[in-house]
Amino acid sequence: MCAIVLAAGEGRRLRPLTAYRPKALCPVGNVPLLDRALHRVAALGFADPDTVAVNACYLGEQVVRHVGGRARLSVEPDDPLGTSGGVARLRDWIDGRGVLVGNADAYLATPDAPPGPDIAALLAGWDGRTVRLLGRPVTGPSRPGDFGRHRFAGFSLLPWSRVRGLPVTPTELVRTVWRPAEAAGELEVVEFTGTYLDTGTPADYLAANLHAAGAGSLLDPTATVTGRHRRAVVGAGAVVHGTVERAVVWPGGVVHPGEHLVDAVRVGADLTVPATPAA
């Protein structure tokens with residue numbers, strides 16, 4: 001088997017944060033999302049360029065530089081190929097193996113197991129023929145994108161038989177693999193009962209950061225914090241002289257004296273991105 005972490009997208013709903021770095025490199029709990037994903041698959045045994053790959057496109061040079069030699073890199077030359085096209089472009093590298101596919105922007109956490117073992121059930125006892133999805137139970141009204149009473153939670157497991165014919169064109173796995181497998185009775189949903197957020201909006205991105213921080217604040221040891229903080233995440237080299245509450249200050253960010261940053265993300269000295277939770 002092998003693993004692919006999808007990191008090519010821009011993250012348009014996160015603008016203007018993604019004007020500065022691709023979504024996969026946005027920090028959650030002061031750790032880039034991509035590093036969280038790579039750590040999770042490494043704990044499952046996918047920890048070198050022979051066993052794990054990362055695709056890149058939007059601001060791809062940042063992803064390439066960040067990954068270095070930790071994974072096989074697939075740089076898509078024009079627009080992102082989507083989840084299906086991105087996997088298809090790595091077909092020669094996959095070369096007959098089953099593939100664990102994870103979205104870099106998926107934030108997962110469970111109190112019962114560390115990253116990696118928390119999704120190990122997705123691999124356990126797999127017959128190499130079915131398609132598996134990690135799914136969160138749906139507690140409210142279902143949505144068109146749901147799978148029965150479950151909602152996709154960032155990771156899927158694909159057999160080679162479903163990968164070998166994928167076109168290297170911009171399209172999504174939900175259309176080329178998941179729904180066809182569901183129609184054929186070859187889709188299994190493996191339940192994940194922990195916390196899952198796709199970090200796709202500023203509100204969800206803030207929620208993931210606050211979850212990573214726990215009940216208090218998470219302050220990088222290189223940050224200078226003289227102001228008050230409550231449920232905040234402050235990155236490396238940041239300077240906080242004002243008050244931060246339910247907020248994220250990116251590495252190198254500045255909160256000036258007298259400022260009260262609440263339900264927001266601060267980038268640099270001036271950019272504030274509101275992240276008010278949905279009502």
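The values are calculated or read from the model by the stated rules, or taken from the named source; none is laboratory data. Note that the coordinates shown come from a computational prediction; the quantities given were computed from them, not determined experimentally. FYI the Cβ positions are ideal-geometry reconstructions off the backbone, even for glycines, and counts take in every protein chain you see. Just so you know, the surface numbers come from the protein's heavy atoms only, side chains and all, with ligands and any DNA or RNA stripped out. Shrake-Rupley method; radii C 1.70, N 1.55, O 1.52, S 1.80 Å.
Each Lys and Arg contributes +1 and each Asp and Glu -1, all at the Cβ; summed about the Cα centre of segment 128-234, the dipole is approximately 60 debye. Taking R0 as 30 Å, what FRET efficiency do you get between Thr110 and Asp50 from their Cβ-Cβ distance, rounded to the nearest 0.05? The formula returns an efficiency of 0.55 here. Per residue, the solvent-accessible area of segment 52-97 (1.4 Å probe, heavy atoms of protein chains only, all protein chains present) comes to 45 Å². Mean residue ellipticity, 222 nm, helices only, the chain: the sum of -39500 (n - 2.57) across DSSP H runs of n ≥ 4, divided by residue count and rounded to 500, is -4500 deg cm²/dmol. The accessible area of Val174, taken with all protein chains in place and a 1.4 Å probe, comes to roughly 50 Å². Relative to the longest principal axis of the Cα atoms of the chain, helix 202-213 runs at roughly 80 degrees. Provide the FRET efficiency to the nearest 0.05 for the Trp160-Tyr20 pair, computing r from the beta carbons and using R0 = 41 Å. Calculated transfer efficiency: 0.60.
State to the nearest 20 debye the size of the charge dipole of segment 1-159 about its Cα centre, where the only charges are +1 on K and R beta carbons and -1 on D and E beta carbons.
On the way: 19 positive and 15 negative charges, 91 e Å.
Around 440 debye, computed over segment 1-159.
Counting only Cβ charges, +1 for Lys and Arg and -1 for Asp and Glu, the dipole size of the chain around its Cα centre is about 220 debye.
Shape verdict for segment 99-172, please, from the Cα gyration tensor: rounded (a/c under 1.5), prolate (a/b greater than b/c) or oblate. In terms of gyration-tensor shape, oblate. Looking at the square roots a ≥ b ≥ c of the eigenvalues of the Cα gyration tensor of segment 114-157, which shape do they give, rounded for a/c under 1.5, prolate if a/b is larger than b/c, or oblate? The shape class here is oblate. The chymotrypsin sites (Phe, Trp or Tyr not before Pro) found in segment 139-215 include none that occupy coil by DSSP while having at most 15 further C-beta atoms within 10 Å. As a length-normalised measure over Cα pairs under 8 Å and 6 or more apart, the relative contact order of segment 1-133 settles at 34 percent. For segment 94-149, the carbon plus sulfur part of the accessible surface works out to 52%, probe radius 1.4 Å. When a/c reaches 1.5 or more, the comparison of a/b and b/c decides; with that in mind, is segment 1-91 rounded, prolate or oblate per its Cα gyration tensor? Oblate.
Counting only protein heavy atoms and a probe of 1.4 Å, the accessible surface of segment 236-279 is 61% carbon and sulfur. For the chain, the residue among Ala264, Val41, Leu122 whose Cα projects farthest onto the positive side of the dipole built from Cβ charges is Ala264.
Once the whole set of protein chains is in place, how much accessible area is left on His241, using a 1.4 Å probe, in Å² to the nearest 10? Near enough 80 Å² of accessible area. Taking all protein chains together and a 1.4 Å probe, the residues Val233, Val31 rank Val31, Val233 from largest to smallest accessible area. The mean accessible area for residues of segment 98-225, using a 1.4 Å probe and ignoring ligands and nucleic acids, is 44 Å² per residue. FRET efficiency for the pair Thr193 and Asp263, taken as 1/(1 + (r/R0)^6) with r the Cβ-Cβ distance and R0 = 22 Å, rounds to 0.20. With every protein chain in place, what's the accessible area of Ser217 (1.4 Å probe, Å², nearest 10)? Surface open to solvent at Ser217 totals about 40 Å².
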